[in-house]
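Chemist: Structure incoming, see below.
The values are calculated or read from the model by the stated rules, or taken from the named source; none is laboratory data. Just so it is clear, the model here is predicted, and its values are computed rather than measured. Cβ atoms come from the backbone with ideal geometry, glycine included; neighbour counts cover every protein chain shown.
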Amino acid sequence: MECVFCEIARGRAPAHVVYEGERVLAILDKYPVSEGHTLVIPREHYRDIFELPEELLAEMMRVAKLVALAQRRALGARGVRLLMNNGREAGQEVMHAHMHVIPRGVAELARRPLRPEEGERVASALRAALGL
Ligand SMILES: [Zn+2]
């Protein structure tokens, strides 16, 4: 069974990339709760927090902070919610560990599908705020 986040990490599936590191990526959520809703994912496949090595989880948190700062700078977010669902019982939908970084005080999108032009605009604004 293929994993969509592994496919994205290998460049075999499209995504609006916000940040690219050696071990961690940040991409826009395809069904955003709010404008700029970003997912921080490890490049390597780990299912959830129970499998993730601690230093990789720490790297994900470091990147989540960079993304939060970029959301504040580029989108005017007034607050940022960090959320990680671990296990189906907790609402995890893609079984490749990921941290949600959800800006608040920006446009609410209620998980409607992200439009390509909107994704490109938001991702490039966040990349610019990250200095990428
Ligand atoms: Zn995966």
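Chemist: Can you tell me which residue within segment 19-48, out of those that are within 15 Å of the ligand (Cβ to nearest atom) and closer than 19 Å to Glu120 by Cβ, is surrounded by the most Cβ atoms within 10 Å (Cβ to Cβ)? Break it down into steps so the answer makes sense when it comes.
Modeler: In the first step, residues of segment 19-48 are kept if they are within 15 Å of the ligand (Cβ to nearest atom); the result is 23-25, 27, 39-48.
Retained after the next criterion (residues that are closer than 19 Å to Glu120 by Cβ): 25, 27, 39.
Numbers: Leu25: 22, Ile27: 22, Leu39: 25.
So, considering only residues that are within 15 Å of the ligand (Cβ to nearest atom) and closer than 19 Å to Glu120 by Cβ, the one surrounded by the most Cβ atoms within 10 Å (Cβ to Cβ) is Leu39.
Chemist: What's the total number of residues in segment 84-116 that are under 21 Å from Glu51 (Cβ atoms), of a type outside the set (Asp, Glu) and assigned to a loop (DSSP other than H, G, I, E, B)? Give the steps one after another, and end with the answer.
Modeler: Applying the first criterion (under 21 Å from Glu51 (Cβ atoms)) to segment 84-116 yields 84-101.
Then drop every residue that is not of a type outside the set (Asp, Glu), which leaves 84-88, 90-92, 94-101.
Filter once more, so that each one left must be assigned to a loop (DSSP other than H, G, I, E, B): 84-87, 91-92, 94-98.
Of the residues in segment 84-116, 11 are under 21 Å from Glu51 (Cβ atoms), of a type outside the set (Asp, Glu) and assigned to a loop (DSSP other than H, G, I, E, B).
Chemist: Going by what's in this entry, would Glu51 be described as modelled with pLDDT of 95 or more, in a loop (DSSP other than H, G, I, E, B), farther than 16 Å from Arg127 by Cβ and within 16 Å of the ligand (Cβ to nearest atom)?
Modeler: Numbers: modelled with pLDDT of 95 or more: yes; in a loop (DSSP other than H, G, I, E, B): yes; farther than 16 Å from Arg127 by Cβ: yes; within 16 Å of the ligand (Cβ to nearest atom): yes.
Against the criterion (modelled with pLDDT of 95 or more, in a loop (DSSP other than H, G, I, E, B), farther than 16 Å from Arg127 by Cβ and within 16 Å of the ligand (Cβ to nearest atom)), Glu51 qualifies.
Chemist: Can you give me the number of residues within segment 89-132 that are of a type in the set (A, V, I, L, M, F, W, C), touching a residue at least 24 places away in the same chain (Cβ under 8 Å) and more than 17 Å from Val24 (Cβ to Cβ)? Talk me through it step by step, then tell me what you get.
Modeler: Here is the first cut: in segment 89-132, the residues of a type in the set (A, V, I, L, M, F, W, C) are 90, 94-95, 97, 99, 101-102, 106-107, 109-110, 114, 122-123, 125-126, 128-130, 132.
Next, from what is left, pick out any that are touching a residue at least 24 places away in the same chain (Cβ under 8 Å): 94-95, 97, 99, 101-102, 106-107, 109-110, 114, 122-123, 125-126, 128-130, 132.
Those still in the list that are more than 17 Å from Val24 (Cβ to Cβ) too: 95, 102, 106-107, 109-110, 114, 122, 125, 128-129.
Residues in segment 89-132 being of a type in the set (A, V, I, L, M, F, W, C), touching a residue at least 24 places away in the same chain (Cβ under 8 Å) and more than 17 Å from Val24 (Cβ to Cβ): 11 in total.
Chemist: Next up: Could you say whether any residue in segment 79-88 is out of contact with any Asp or Glu (no Cβ under 8 Å at 6 or more places or on another chain), in contact (Cβ under 8 Å) with a residue 24 or more places away in the chain, among the basic types (Lys, Arg) and within 16 Å of the ligand (Cβ to nearest atom)?
Modeler: Within segment 79-88, none of the residues are out of contact with any Asp or Glu (no Cβ under 8 Å at 6 or more places or on another chain), in contact (Cβ under 8 Å) with a residue 24 or more places away in the chain, among the basic types (Lys, Arg) and within 16 Å of the ligand (Cβ to nearest atom).
Chemist: Given the criterion under 18 Å from Ala128 (Cβ atoms), of a type in the set (A, V, I, L, M) and either assigned to a loop (DSSP other than H, G, I, E, B) or without any contact (Cβ under 8 Å) to a residue 24 or more places away in the chain (or both), identify the matching residue among Leu66, Leu25.
Modeler: Leu25
Chemist: In segment 66-122, which residues are of a type in the set (A, V, I, L, M) and either surrounded by fewer than 17 Cβ atoms within 10 Å (Cβ to Cβ) or in contact with a Cys (Cβ under 8 Å, 6 or more places away or on another chain) (or both)?
Modeler: Step one: list which residues in segment 66-122 are of a type in the set (A, V, I, L, M), which gives 66-70, 74-75, 77, 80, 82-84, 90, 94-95, 97, 99, 101-102, 106-107, 109-110, 114, 122.
Hits for segment 66-122 are Leu69, Leu82, Leu83, Ala90, Val94, Met95, Ala107, Ala110.
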